[in-house]
Amino acid sequence: MNKNIEMFTDNTGKIYTFSDVVNALREVGADKCEVLFVHSELSFGVPCKGLKRKDFIELMYLAIKELGVKTLIFPTFTFSFSNYEDFDIANSKSKMGVLTEYVRKLPDSLRSCDPLMSVSLIGENKKLIENLGKSSVGTDSIFDKLHNTENVKFLFFGTEIGQCFTHMHYVEERLNVPYRYNMDFSGNIIDLDGKIRNDTYTLFVKYRDIIPIVPDSFEDELIKEGIYKKVSLGNRHVGCFTEKESYEVTERWLKNDISCFLGEQYDARPFVKEYTYGNVTTVQ
């Protein structure tokens with residue numbers, strides 16, 4: 001493949017090649033891990049003329065593959081039961097962006113069975129998505145397994161920590177923060193053989209009036225401490241840090257101030273257990 005192929009232009013008209021993308025990924029250390037969990041949003045710029053949309057997405061995926069990481073994981077969350085929908089492992093579309101949907105359909109992609117927060121895995125460590133529990137951010141969840149695996153990193157590929165740091169909810173669950181509670185969601189799961197079963201999964205949801213945020217100072221501290229490496233790529237950024245360090249910092253922040261990731265003090269309003277179904281794309 002021609003690694004100098006022109007992929008996109010940013011708002012200033014600058015052209016970025018396949019090599020530019022790979023170099024940015026290497027610069028943040030995304031290649032230096034055994035398992036890479038990829039959050040993505042491909043808004044780096046306008047694809048170059050002659051490059052079809054599907055080819056652009058494929059090249060972005062190949063840029064990540066170029067890193068040589070043994071196991072890649074992409075969130076293919078559907079929140080199906082939260083949306084009154086069945087979860088079809090083979091066919092339910094990912095709500096996490098075009099790259100994750102592309103990966104989900106690849107022949108060598110394996111998808112976990114979680115009707116709320118499934119992931120698709122490509123690579124060696126298939127045990128990460130086997131025998132998962134029924135608490136999507138709790139014990140035996142994908143995040144729990146990642147936490148107990150060596151040399152894991154999270155990549156923010158065109159996304160920001162404040163947009164999609166899902167791992168944070170796992171830390172919140174481990175600490176049993178008072179502004180969230182476990183809620184059960186039920187529905188039908190269609191397995192790879194087409195068999196249908198009814199099941200129930202649990203999600204650590206927020207009370208109705210809680211306002212979750214990730215303050216800019218959180219990322220600033222991560223960068224200052226050398227934990228989070230971040231570089232510009234076109235109109236967006238690429239960032240990366242280890243699971244271990246991200247867990248430790250998130251835990252430290254929460255223990256120092258339990259309301260640090262909220263818009264106001266956690267007990268500023270009454271705790272109301274009310275969940276809005278439909279159009280769910282995040283851990284509400």
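Residue 283 satisfies every condition listed in (1) out of contact with any strand residue (DSSP E or B) (no Cβ under 8 Å at 6 or more places or on another chain); (2) within 28 Å of residue 92 (Cβ to Cβ); (3) touching a residue at least 24 places away in the same chain (Cβ under 8 Å); (4) not acidic (Asp, Glu) except (1).
Residues that are under 17 Å from the mean Cα position of the chain (by Cα), surrounded by fewer than 19 Cβ atoms within 10 Å (Cβ to Cβ) and not in a helix (DSSP H, G or I) are absent from the range 13-33.
If you go through the range 54-102 and keep only what is small (Gly, Ala, Ser) and closer than 28 Å to residue 33 by Cβ, you end up with 63, 68, 94, 97. Pairing residues of the range 1-22 that are free of Cβ contacts under 8 Å to residues at least 40 places away in the same chain and aromatic (Phe, Trp, Tyr) with residues that are assigned to a strand (DSSP E or B) and surrounded by fewer than 16 Cβ atoms within 10 Å (Cβ to Cβ), at Cβ distances under 6 Å and at least 6 apart in sequence or on separate chains, gives no pairs at all. Please verify whether the range 145-165 includes one or more residues that are closer than 26 Å to residue 85 by Cα and among the β-branched types (Val, Ile, Thr). Looking through the range 145-165, none of the residues is closer than 26 Å to residue 85 by Cα and among the β-branched types (Val, Ile, Thr). The range 119-217 holds strands (runs of 3 or more DSSP E) entirely within its bounds, and those carrying 1 or more residues that are buried (at least 18 other Cβ atoms within 10 Å of the Cβ) and more than 18 Å from the chain's Cα centre (by Cα) map to 180-190, 196-206. Among the residues of the range 148-165, just one is among the small types (Gly, Ala, Ser) and farther than 17 Å from residue 23 by Cβ, namely 162. Being within 21 Å of the chain's Cα centre (by Cα) and modelled with pLDDT of 95 or more holds for only one residue in 228, 266, and it is 228. Screening the candidates 173, 245, 221, 225 for the property of being free of Cβ contacts under 8 Å to residues at least 40 places away in the same chain and within 28 Å of residue 88 (Cβ to Cβ) yields one hit, 173. Considered as a group, the residues in the range 230-263 that are assigned to a strand (DSSP E or B), touching a Phe, Trp or Tyr at 6+ places or on another chain (Cβ under 9 Å) and not charged (D, E, K, R) include one that is farthest from residue 155 (Cα to Cα), and that residue is 262. Residues that are more than 20 Å from residue 278 (Cβ to Cβ), touching a residue at least 60 places away in the same chain (Cβ under 8 Å) and not in a loop (DSSP other than H, G, I, E, B) within the range 76-118 comprise 99, 100, listed in sequence order. Identify the single condition in (1) more than 13 Å from residue 234 (Cα to Cα); (2) at pLDDT 95 or above; (3) touching a Phe, Trp or Tyr at 6+ places or on another chain (Cβ under 9 Å); (4) not basic (Lys, Arg) that residue 34 does not satisfy, given that it satisfies every other one. Answer for residue 34: the failing condition is (3). Could you tell me whether residue 68 is of a type outside the set (D, E, K, R) and in contact with a strand residue (DSSP E or B) (Cβ under 6 Å, 6 or more places away or on another chain)? No.
Taking the stated definitions as given, is residue 221 within 17 Å of residue 139 (Cβ to Cβ) and assigned to a helix (DSSP H, G or I)? So residue 221 fails the test.
Of all residue pairs spaced 6 or more apart or on separate chains, none has beta-carbon atoms under 9 Å together with a first member in the range 199-215 that is without any contact (Cβ under 8 Å) to a residue 40 or more places away in the chain and within 17 Å of residue 178 (Cβ to Cβ) and a second member that is loosely packed, with under 14 Cβ neighbours inside 10 Å and of a type in the set (Ser, Thr, Tyr).
The values are calculated or read from the model by the stated rules, or taken from the named source; none is laboratory data. Note that the structure is predicted; figures quoted are calculated from it, not measured. All Cβ positions, glycine included, derive from the backbone under ideal geometry; neighbour counts span all protein chains shown.
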